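J.: Handing you this structure, nothing more for now.
The values are calculated or read from the model by the stated rules, or taken from the named source; none is laboratory data. What you see is a predicted model; the values in this text were computed from it and never measured. No Cβ is skipped: glycine too gets one built from the backbone with ideal geometry, and neighbour counts run over all protein chains shown. We work out accessible area using only protein heavy atoms, side chains counted, and drop any ligands, DNA or RNA first. Shrake-Rupley method; radii C 1.70, N 1.55, O 1.52, S 1.80 Å.
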Amino acid sequence: MNRRSLYFTGPFETAIEETSVEMAADEVLVETRVSGVSAGTELLIYRGEAPEELPADETLETIDGDLSFPLRYGYASVGDVVSIGEAVDDDWLGRTVFAFDPHETHFSIAPEQLIEVPEDVSVEEMVLFPSVETATSLVLDGRPRVGEDVVVFGAGVVGLCTIGVLASFPLGRLVAVEPIPGRRERARHLGADVAVAPDELDDVLDRGPDCDGADLVYELSGHPETLDDAVGAAGYDSRVIVGSWYGDKPATVDLGASFHRDRISVESSQVSTLAPETRGRWTRARRAETALSRLRDLDVGSLITHRIPFSDAPDAYRLLDERADGVLQVLLTYP
């Protein structure tokens, strides 16, 4: 059948093109109701700042090829199963489901790659599942401990979801660092004890010569230069978790000050895999179930700020690229 798909065709250029979709016997056909636009990876692709030779995502069967133009990309679609293949159980027909699928009006997919939308989660809230799953993965990798001081740089959608998950821990203090005032307010709403502008952080962390700096720091701003600030906020024998992906943008980190003497650890975190130290007890399925539980508890609906018709999708990317105050999660809606 015919469908319409969103393509990134060049830096700052997108197009909606007519494509076709065929359903195999072991697949279902989903009609999309809403999809979420990522202000992280998708925005890097939109700006032409992603390494073109890099595989798009080797862990998702719905995304193939590399990051060179033109490409279909996206990973947060929710819709209804409108048709099923001969080898699929009849119970799948009519279900509302989530899939890590690009932005398009219809898609075919194997049922085992779907997550049914729970009755107590709205269609729009379910679009934020990838962000909450990323936040869950970040917290697993950071290993927060009771009484620790934790600092999160960046209060975008992923940063705010991470703050929400961290707020459920018995921390000493949870600090959000964000230059946009409206996002600082949202960070407080989701559980941050303190939310400050970057130039105010030193005053917050200074607690005396024997106990200064944070125990755990997250860099989730998407800006390479912020990594220096994250390392600077870390205390002795503490750890910095880098969840931002900078794409082609270089990150020049100053490691000549207290980094070595303070034995600071800098670690990467990426949701497509599980950290080796967690694989003995955790699986992707267990993490997904945990993220779904967190999704129910967090006020993720408050992060949705704009709804744009799929036919006007180029406007969504221009809006995110401008980084205007008040813009967080942008949704594409389908007629």
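J.: Give the residue that is surrounded by the fewest Cβ atoms within 10 Å (Cβ to Cβ), with candidates limited to residues of the range 276-308 that are part of a loop (DSSP other than H, G, I, E, B) and in contact (Cβ under 8 Å) with a residue 40 or more places away in the chain. Working first, answer last.
T.: Filtering the range 276-308 for residues part of a loop (DSSP other than H, G, I, E, B) gives 279-283, 298-299.
Those still in the list that are in contact (Cβ under 8 Å) with a residue 40 or more places away in the chain too: 282, 298-299.
Numbers: 282: 15, 298: 24, 299: 13.
Looking at residues that are part of a loop (DSSP other than H, G, I, E, B) and in contact (Cβ under 8 Å) with a residue 40 or more places away in the chain, I get 299.
J.: Now a separate question. I need a count of the residues in the range 25-48 that are out of contact with any strand residue (DSSP E or B) (no Cβ under 7 Å at 6 or more places or on another chain) and of a type in the set (A, V, I, L, M, F, W, C).
T.: Number satisfying all stated conditions: 4.
J.: If a residue must be out of contact with any helix residue (DSSP H, G or I) (no Cβ under 8 Å at 6 or more places or on another chain) and of a type in the set (Gly, Ala, Ser), how many such residues does the range 144-190 contain?
T.: 4
J.: Pairs under 8 Å by beta carbon, first residue basic (Lys, Arg) in the range 1-20, partner open to solvent by 50 Å² or more (accessible area, probe 1.4 Å), six or more apart or different chains?
T.: Partner pairs satisfying both residue conditions: 3/18; 3/20; 4/16; 4/17; 4/18.
J.: Looking only at the range 29-55, filter to residues that are acidic (Asp, Glu) and either buried (at least 18 other Cβ atoms within 10 Å of the Cβ) or not in a strand (DSSP E or B) (or both); which one of those is farthest from the chain's Cα centre (by Cα)?
T.: If we filter the range 29-55 for residues that are acidic (Asp, Glu), which is where we start, we get 31, 42, 49, 52-53.
Those left that are additionally either buried (at least 18 other Cβ atoms within 10 Å of the Cβ) or not in a strand (DSSP E or B) (or both): 42, 49, 52-53.
Numbers: 42: 10, 49: 18, 52: 21, 53: 22 Å.
Within the range 29-55, the match that is farthest from the chain's Cα centre (by Cα) is 53.
J.: Another question about this same structure. If I filter the range 185-193 for residues that are open to solvent by 20 Å² or more (accessible area, probe 1.4 Å), modelled with pLDDT of 95 or more, farther than 22 Å from residue 328 by Cα and not in a helix (DSSP H, G or I), do I get at least one hit?
T.: In the first step, residues of the range 185-193 are kept if they are open to solvent by 20 Å² or more (accessible area, probe 1.4 Å); the result is 185-186, 188-191, 193.
Restricting the remaining residues to those that are modelled with pLDDT of 95 or more gives 185-186, 188-191, 193.
Still in the list and also farther than 22 Å from residue 328 by Cα: none.
There is no residue in the range 185-193 that is open to solvent by 20 Å² or more (accessible area, probe 1.4 Å), modelled with pLDDT of 95 or more, farther than 22 Å from residue 328 by Cα and not in a helix (DSSP H, G or I).
J.: Here is a check on your reading of the model: is residue 311 out of contact with any helix residue (DSSP H, G or I) (no Cβ under 9 Å at 6 or more places or on another chain), exposed (fewer than 15 other Cβ atoms within 10 Å of the Cβ), at pLDDT below 95 and among the polar types (S, T, N, Q)?
T.: Details: out of contact with any helix residue (DSSP H, G or I) (no Cβ under 9 Å at 6 or more places or on another chain): yes; exposed (fewer than 15 other Cβ atoms within 10 Å of the Cβ): yes; at pLDDT below 95: no; among the polar types (S, T, N, Q): yes.
Answer is no for this residue.
J.: In contact (Cβ under 8 Å) with a residue 12 or more places away in the chain, open to solvent by less than 20 Å² (accessible area, probe 1.4 Å) and part of a strand (DSSP E or B): which single residue out of 240, 165 fits that description?
T.: Numbers: 165 fails: part of a strand (DSSP E or B).
Just one listed residue meets the conditions, 240.
Okay, residues lined up against (1) part of a strand (DSSP E or B); (2) closer than 30 Å to residue 28 by Cα:
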{"residue": "107", "(1), (2)": "yes, yes"}
{"residue": "130", "(1), (2)": "no, yes"}
{"residue": "133", "(1), (2)": "no, yes"}
{"residue": "139", "(1), (2)": "no, no"}
{"residue": "144", "(1), (2)": "no, no"}
{"residue": "161", "(1), (2)": "no, no"}
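J.: Run down 26, 64 and say which single residue is over 20 Å from the mean Cα position of the chain (by Cα) and of a type in the set (D, E, K, R).
T.: Numbers: 64 fails: over 20 Å from the mean Cα position of the chain (by Cα).
The unique qualifying residue is 26.
J.: What about residue 68, is it more than 27 Å from residue 304 (Cβ to Cβ) and in a loop (DSSP other than H, G, I, E, B)? Don't jump to the end; show me each part of the working.
T.: Working: more than 27 Å from residue 304 (Cβ to Cβ): yes; in a loop (DSSP other than H, G, I, E, B): yes.
Here the answer is yes, as residue 68 does meet what is asked.
J.: Pick from the range 112-126 the residues that are part of a helix (DSSP H, G or I) and open to solvent by 20 Å² or more (accessible area, probe 1.4 Å): which of them is nearest to residue 72 (Cα to Cα)?
T.: Taking the range 112-126 first, the residues part of a helix (DSSP H, G or I) are 112-113, 123-126.
If we keep only those that are open to solvent by 20 Å² or more (accessible area, probe 1.4 Å) as well, we get 112-113, 123-125.
Working: 112: 22, 113: 18, 123: 22, 124: 22, 125: 23 Å.
Applying the filter and picking the extreme gives 113.
J.: Pairs only if they're at least six apart or on different chains, beta carbon under 6 angstrom, first in the range 138-149 and in contact (Cβ under 8 Å) with a residue 24 or more places away in the chain, second among the aromatic types (Phe, Trp, Tyr) and open to solvent by 50 Å² or more (accessible area, probe 1.4 Å); list them, first residue then second.
T.: 144/169
J.: Right, something else. Let me confirm something: among 271, 330, 266, 253, which residue is in contact with a Ser or Thr (Cβ under 8 Å, 6 or more places away or on another chain) and either at pLDDT below 95 or open to solvent by 70 Å² or more (accessible area, probe 1.4 Å) (or both)? I'd like the intermediate steps shown before the answer.
T.: On the way: 330 fails: either at pLDDT below 95 or open to solvent by 70 Å² or more (accessible area, probe 1.4 Å) (or both); 266 fails: in contact with a Ser or Thr (Cβ under 8 Å, 6 or more places away or on another chain); 253 fails: in contact with a Ser or Thr (Cβ under 8 Å, 6 or more places away or on another chain).
None of the others qualify; the one that does is 271.
J.: Now for a separate question. Considering each of 97, 82 in turn, give the residue that is in a strand (DSSP E or B), open to solvent by 40 Å² or more (accessible area, probe 1.4 Å) and either modelled with pLDDT of 95 or more or hydroxyl-bearing (Ser, Thr, Tyr) (or both).
T.: Numbers: 97 fails: open to solvent by 40 Å² or more (accessible area, probe 1.4 Å).
Exactly one of 97, 82 is in a strand (DSSP E or B), open to solvent by 40 Å² or more (accessible area, probe 1.4 Å) and either modelled with pLDDT of 95 or more or hydroxyl-bearing (Ser, Thr, Tyr) (or both), namely 82.
J.: How many residues are in a strand (DSSP E or B) and either more than 18 Å from residue 40 (Cβ to Cβ) or among the small types (Gly, Ala, Ser) (or both) if we restrict to the range 309-335? Reasoning before the result, please.
T.: Initial filter on the range 309-335 (in a strand (DSSP E or B)): 309, 329-333.
Next, only the ones that are either more than 18 Å from residue 40 (Cβ to Cβ) or among the small types (Gly, Ala, Ser) (or both) stay: 309, 333.
The qualifying residues number 2.
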